[in-house]
Amino acid sequence: MRVKDLLRSLLMIVLAVFVNWQLSRFSLFLFQTINLTSLVVIYYAQRKGEIFGASLGALGGLLQDSISTGIFGSFGIPKTIVGFVTGYIARRIDVRSYPVTFIFYAGALVLEVILWSGLQIFVLSSPLPGRTIIYQPLLSSLVAVVIVWAIKRWDTQWKRRLRIFKPKVDNF
């Protein structure tokens, strides 16, 4: 693992938490149905593996816990488990096509909602925030596919531009 990857992932987690916080000020429905922090955790777990995913999930969850009013760990535990599971599964199946990406993200987000809801109901004895949590895996997965598409498109454009400026070396 490179330091550049670690710094990039930390920056993305902080940015995702900030954008989620701004969504909460704009629309409660969007805040409850689009989970950007989990999308970042799943994305990096898919690319870097289960240990990186679990570590990033713990960090992202604890960052979310620190700005929420709930019990410390209620976001960290589900994100850690989801980061590990998605990193483990992504190493064994090909998740590069868009339909598979949608199903992969939806499954991971369903797992997170189940873990978070179970933690809220059975351990913390607190009620769930409403019915909009049901839409979170679907809407967040749609957002994930759009983000993954944009990243792939930007990456190919960036590589194409770098190829233009690369000096030609002749082999003798």
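Coordinate-derived values only; no laboratory data. Quantities reported herein were computed from a predicted structural model and do not represent experimental measurements. Neighbour counts are summed over all protein chains in view; Cβ atoms, including those assigned to glycine, are modelled from backbone coordinates with ideal geometry.
Under the 0.36 nm per residue contour assumption, what length would be gained going from the current alpha-carbon distance of residue 4 and residue 124 to full extension?
Numbers: separation 120, 0.36 × 120 = 43.20 nm, distance 3.78 nm.
Fully extending the segment from residue 4 to residue 124 adds 39.4 nm.
Remark: the residue 132-residue 110 segment gains 6.6 nm on full extension, using 0.36 nm per residue and subtracting the alpha carbon distance. Taking the fewest neighbouring Cβ atoms within 10 Å as the starting point, the ordered list for 50, 112 is 50, 112. A cut-off of 5 Å between modelled amide H atoms, ignoring neighbours fewer than 5 places along the same chain, links residue 70 with no other residue. For region 34-119, compute the orientation-averaged projected area of the C-alpha convex hull (one quarter of its surface), in nm². Over all viewing directions, region 34-119 projects a mean Cα-hull area of 5.0 nm².
For the chain, the longest principal axis of the alpha carbon atoms and the long axis of helix 3-26 meet at an angle near 50°. Full extension of the chain segment joining residue 14 with residue 28 gains 3.0 nm, where the gain is 0.36 nm per residue of separation less the Cα-Cα distance. Computed from Cα atoms, the angle from the helix 50-67 axis to the main principal axis of the chain rounds to 50 degrees.
Neighbour counts of other C-beta atoms within 10 Å: give me 116, 158, 21 arranged from fewest to most. Write out the running numbers ahead of the final one.
Values: 116 22, 158 10, 21 13.
Final ranking by Cβ density, sparse to dense: 158, 21, 116.
Overall, the ratio between the Cα radius of gyration of the chain and 2.2 N^0.38 Å, rounded to two decimals, is 1.14.
Tell me the angle of helix 76-90 to the major Cα principal axis of the chain, expressed in degrees between 0 and 90 and rounded to the nearest ten. It is inclined by approximately 40 degrees.
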